[in-house]
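Since the structure comes first, as structure tokens, the remarks are kept for the end.
The values are calculated or read from the model by the stated rules, or taken from the named source; none is laboratory data. These numbers come from a predicted model, not from an experiment. In this analysis, Cβ positions are derived from the backbone assuming ideal geometry, glycine residues included, and neighbour counts consider all displayed protein chains. For accessibility, only protein heavy atoms count, side chains too; no ligands or nucleic acids. Shrake-Rupley method; radii C 1.70, N 1.55, O 1.52, S 1.80 Å.
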Amino acid sequence: MSTSTIDLSDPLSSAEFAIVNSDRLAEIVERHRRVSLFLQQENFSALLLQQPSNFSWLTVGGCNERGGGTGLTGALFVTPEARVIACSNADTAQFFESEVSGMGFQLKERPWFEPRDVMLADLCRGRHMASDSGFPDTIDVRQRLLETRLPLSDFDAGRLREACGLLTHAIEATARGMTPGRTESEIIGELAHRIVKHGLQPERLQILADGRGRRFRRWKYDDSSVQRYCSISAVARSHGLYVGAARTVSLGEAPAELLRAFEPAALIAATGIYFSQPEWELFEVWNRVQRIYEKNNVATEWRLGDQADVVEYEFGTVSVMPTSEYRLTAGTPVYWHPSIGPVLMGDTVLVTDRGTEILTATDEWPVIPISVKGTNVDIPAILVVPT
């Protein structure tokens, strides 16, 4: 096997300094320091990262996916002294001119027609190795890495806020332009266009129209036309971070069946958002949410679909379940997406020391202020589009 090692962390020319994001570079250096400390404490020689979530975390937004689920383009080999990208010659330029340009990474390269696993095995041989994938002869430390990724840094929280604003704008603009008779796939296509145009990567797009959600809580879309109302939901990625939101729109006056489902759904969403507090274990949050289901005579609805997920560089890192003992901390993002019958709610929030921050709130959508423990939580209302 032919490989070469190249140091691409040489001092930059004065012309190149202008394009380097110094805040991102400082964040990478700090994350490398934390990884180095972990390696030294656990007596590991190096850490091999292949999972997209961990690759993106350490590179602060870099990507090692070829596109969707079609394969990985590289791995990270991290020692206390160096951070090395191991990839094929077909991907080197993209990594070092786009993904991590000027960010102090080194290169271990192979021809595209030689297996990357052979190169990774050579790097790991003879070392006490940790990895995030259980690579042969390494110790799987993926759970420890989750504890490293969360809570989010201030840098990540800023990026998350920006991404939530862009995603929410895309969903709401799509909803406001709806007219009766357009197909689900047409509407989703328009939404996907807006998301991509804003620089985000669509990950999960749904439209639950005219009561379909009663039967299919995880419905995506098809060529059926939307006649009366729908909930539009999207999950997207920006700089590796996942965000999600949903909105409900009625074409003309909202029918009684929609209003009957929306009222308890809004109460449940507000309860989950409010009680997403620091030092609360998720089962404690869940107990409050379940109580609202019961008080509104929809106790069986929560069994039909998942309610919320911790989101960061991986979607659904932790799901909100009746028995989850995961403890929320300030800096943890949660995507609340409860559903009742035809209605799917959706907002991304950030747990903070000052209370829960709703990241997908906007001034361009009607809201319902719901009082929880004396605090108003603004929940997106049904938008009525005149027909």
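A few comments on the model shown:
- Sequence-separation-based contact order of segment 170-238, relative, with Cα cut under 8 Å and 6+ spacing, percent: 42 percent
- When you restrict to C-alpha pairs under 8 Å that are six or more residues apart and normalise by the size of segment 17-121, the relative contact order lands at 23 percent.
- Loop-located trypsin sites (Lys or Arg not before Pro) in segment 73-161 (DSSP state other than H, G, I, E, B) with a sparse environment of at most 16 neighbouring Cβ atoms within 10 Å: 125, 127.
- As an equivalent ellipsoid, segment 285-360 spans semi-axes of 22, 13, 13 angstrom, where each value is the square root of five times an eigenvalue of the C-alpha gyration tensor, largest first.
- Sulfur and carbon atoms: percent of accessible area, segment 136-208 [1.4 Å]: 53 percent
- Estimated FRET transfer efficiency (residue 106, residue 384; beta-carbon r; R0 41 Å; 0.05): 0.10
- Distant-in-sequence amide H partners of residue 102 (H built 1.01 Å from N, under 5 Å): none
- Spatially proximal aspartates and glutamates relative to residue 108 (Cα-Cα < 16 Å; intrachain offsets below 8 disregarded): 7, 10, 81, 91, 97, 99, 117, 122
- Per-residue [θ]222 nm for the chain (sum of -39500 (n - 2.57) over DSSP H runs n ≥ 4, rounded to 500): -10000 deg cm²/dmol
- The chain - Kirkwood radius from inverse mean 1/r over Cα pairs (Å): 22.4 Å
- The label-point distance for residue 321 and residue 279, in a model that sets each label 7 Å from Cα toward Cβ, rounds to 2.7 nm.
- Comparing Cα centroids, segment 31-71 and segment 245-299 end up 36 angstrom apart.
- Peptides 52-64, 358-370 ordered by average Cβ neighbours within 10 Å, highest first: 52-64, 358-370
- Mean Cα-pair separation over length for the chain, i.e. relative contact order, pairs under 8 Å, 6 or more apart, %: 15 percent
- Per residue accessible area in Å² of segment 11-142, where ligands, DNA and RNA are left out and the probe is 1.4 Å: 47 Å²
- Using 0.36 nm per residue and subtracting the Cα-Cα separation, the extra length available between residue 223 and residue 352 on full extension is 42.3 nm.
- Angstrom value of the Kirkwood radius, inverse mean 1/r, which spans all Cα pairs in segment 322-386: 13.7 Å
- Among the GluC sites (Glu not before Pro) in segment 246-282, those located in a DSSP loop and surrounded by at most 15 other Cβ atoms within 10 Å of their own Cβ are 253, 279.
- Segment 220-296: trypsin sites (Lys or Arg not before Pro) in DSSP loop, at most 15 other beta carbons within 10 Å: 220
- The slack between residue 196 and residue 133, meaning 0.36 nm per residue of separation minus the straight C-alpha distance, is 19.7 nm.
- Of the residues 317, 329, 375, the one that moves most in a GNM of the chain with alpha-carbon contacts below 10 Å is 375.
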